[in-house]
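No lab work stands behind these numbers, since they all come straight from the coordinates. Computed from a predicted structure; not experimentally measured. Positions of Cβ are backbone-derived with ideal geometry, glycine not excepted, and every protein chain shown enters the neighbour counts.
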Amino acid sequence: MFPADHIAGLVFRNMWVRIKAVFIWHINYQLYLLICTNRRITEKIRTCREDSHDHADYSWATLFTGVGLMSKSKRAIVVGAGGISGAWFPQLKAEGVQVAAVVDLNLENAQKRIDEYELDSVASDDLDKTLADTDADFVIDLTIPEAHCNVCCKAMEAGFHVVSEKPMAASMDQARQMVAASEKTGKLYMVSQSRRWEPIHDQYRRSVINGQLGDLTTVNCDFYMAPHFGGFRDQMQSPLILDMAIHHFDLARYFTASDPVAVYAHEFNPKGSWYKGDVATTCIFEMTDGIVFTYRGSWCAEGCYTSWNGHWRIIGEQGTILYEKDATPTGQIADGDEGFTRPLKDAVIDPSPIEHKTMRGALREMLAYLNDGTKPQTECHDNIKSLAMVFAAMQSSREGKRIEIKI
């Protein structure tokens, strides 16, 4: 028989061996996970570096998203519980953003959204009190355009960064006031110009500016739909330009990396229209680098619709690339210098690395800014240029003359 103390020693040593084995296995497993993660990050970095025409720098926060290395989740105050908020709450959940409070003039609407999405949030109808009492990282403004200036300026003055729905403001004076508030407070204000984050739009932009077209000369966009909205749009003075064309005007800037210089526009209300205001327009924009952007659109055009994104033709010195019906862009490039018309070859259509569309793309840019300071592409100093195109076009139509676009 073994002495009791000898048996106890054997048992202890056996347990210690097992503990060391488990510990070593755990360390090896963690190293394996780290190697896999590094490989994924390295591949993503390599892909970004190979693509010299990326529309925005990839921040470390963006690269680490999805691999468990993001910092702690952020908290947001949502202002406005109307219809558009239903598109935002699922995106906030997907990105792990905690909704600290939901504010609406109608307290019942705020609570309804909280219940609908099972949020651990406070419902409020008092914006000032919520901004003063709530611990959050940023504010999401989903109110009507006429309220954006008040909401965003108050939020920035209270110490919050802000992302708002488009359009930025109901007037250029308000937009300038919002830019000034951002500069004064040092807080970021960005606009969710959501169509920039459609992968196919990023693909079109890359294909247009990768050099194969040479210098760009001409941009045409046609937009024809016949929506019977009912409600406030039917009563607006310039419903197409004010409520819809902001998307197309911003895309023209985005696709070509150019900015507006001047515009001549003509609005009209076609026979048979169910709108009170002018719902059709033709606009000719002069852009930087000598580019001319022509926009033709109508919300009162029954039949043969374009897509909601419009049909696009962008022409450069060496060729043309089309984007129609939301289909993959196609194009042709001159391939030789002889003949009445030059021989042609297919344009190179570059892929897009964008993984998440519309609001989620905007949200990710805000989160990247909060994590590493990467400035969003639709930050207010940039987006005000797209808004300026809207109000200059309306002014040109009213006055019947070319208008220089001033920011």
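Placing unit charges on the Cβ atoms of the charged side chains and taking the dipole of the stretch 62-192 about its Cα centre, the candidate lying farthest along the positive direction among ASN150, TYR117, LEU188 is LEU188.
Projected onto the charge dipole of the stretch 250-333 (+1 at Lys/Arg Cβ, -1 at Asp/Glu Cβ, origin at the Cα centre), which of TRP312, ALA252, GLY272 gives the Cα projection farthest towards the positive end? Among TRP312, ALA252, GLY272, the one farthest towards the positive end of the dipole of the stretch 250-333 is GLY272. Direction-averaged projected area, Cα convex hull, the stretch 146-297: 10.6 nm², rounded to one decimal. By the count of neighbouring beta-carbon atoms within 10 Å, fewest first, MET156, MET236 end up ordered MET236, MET156. Volume per residue for the stretch 270-407 equals 213 cubic angstrom (convex hull of Cα atoms). What lysines could a cross-link reach from LYS345, if we take a straight Cα to Cα line under 27 Å and drop same-chain neighbours fewer than 8 places away? Candidates past the 8-residue exclusion: LYS325. What is the stretch 62-192 by shape, rounded, prolate or oblate, if you read a ≥ b ≥ c off the alpha carbon gyration tensor as root eigenvalues and call it rounded for a/c under 1.5, prolate for a/b larger than b/c, and oblate otherwise? Taking the square roots of the gyration eigenvalues as a ≥ b ≥ c, the stretch 62-192 is oblate. Placing +1 on the Cβ of every Lys and Arg and -1 on the Cβ of every Asp and Glu, with no other charges, gives the stretch 62-192 a dipole of roughly 480 debye about its Cα centre. For the pair GLU355 and VAL261, label points projected 7 Å from Cα toward Cβ lie 4.1 nm apart. Only lysine pairs 8 or more places apart, or on different chains, with alpha-carbon atoms under 19 angstrom apart are counted in the stretch 62-192, and they number 9. Legend: calculated FRET efficiency, GLN235 to GLN177, from the Cβ-Cβ distance at R0 = 22 Å, rounded to 0.05, equals 0.25.
With a Förster radius of 51 Å, plug the Cβ-Cβ distance of GLU116 and LYS184 into 1/(1 + (r/R0)^6) and report the FRET value to the nearest 0.05. Taking R0 as 51 Å, the efficiency between GLU116 and LYS184 is 0.90. Taking other Cβ atoms within 10 Å as a rough exposure proxy, SER73, SER258, SER207, SER273 sort from fewest to most as SER73, SER273, SER258, SER207. Farthest towards the positive end of the charge dipole of the stretch 326-407, among the residues MET366, GLY336, ILE405, is the Cα of ILE405, using unit charges on the Cβ of Lys, Arg, Asp and Glu. Of all DSSP-defined beta bridges confined to the stretch 62-192, some 0% are antiparallel rather than parallel.
In this rough spin-label picture, where each label sits 7 Å from Cα along the Cβ direction, the ASP372-ASP326 distance is 3.2 nm. For VAL122, nonlocal amide neighbours, meaning residues 5 or more places apart or on other chains whose placed amide H falls under 5 Å from its own, are ALA101, VAL102. Length gained on full extension, ASP128 to LYS72, computed as 0.36 nm times the residue gap minus the Cα-Cα distance: 17.5 nm.
Under 5 Å from the amide H of CYS300 lie the amide H atoms of MET225, each residue being 5 or more positions distant or on a separate chain, with H modelled from the backbone and absent for Pro and chain starts. Here's the picture: a label point sits 7 Å out from the Cα of GLU404 along the beta-carbon direction, and within the stretch 238-267 the residues with their amide nitrogen under 14 Å of it are 261-263.
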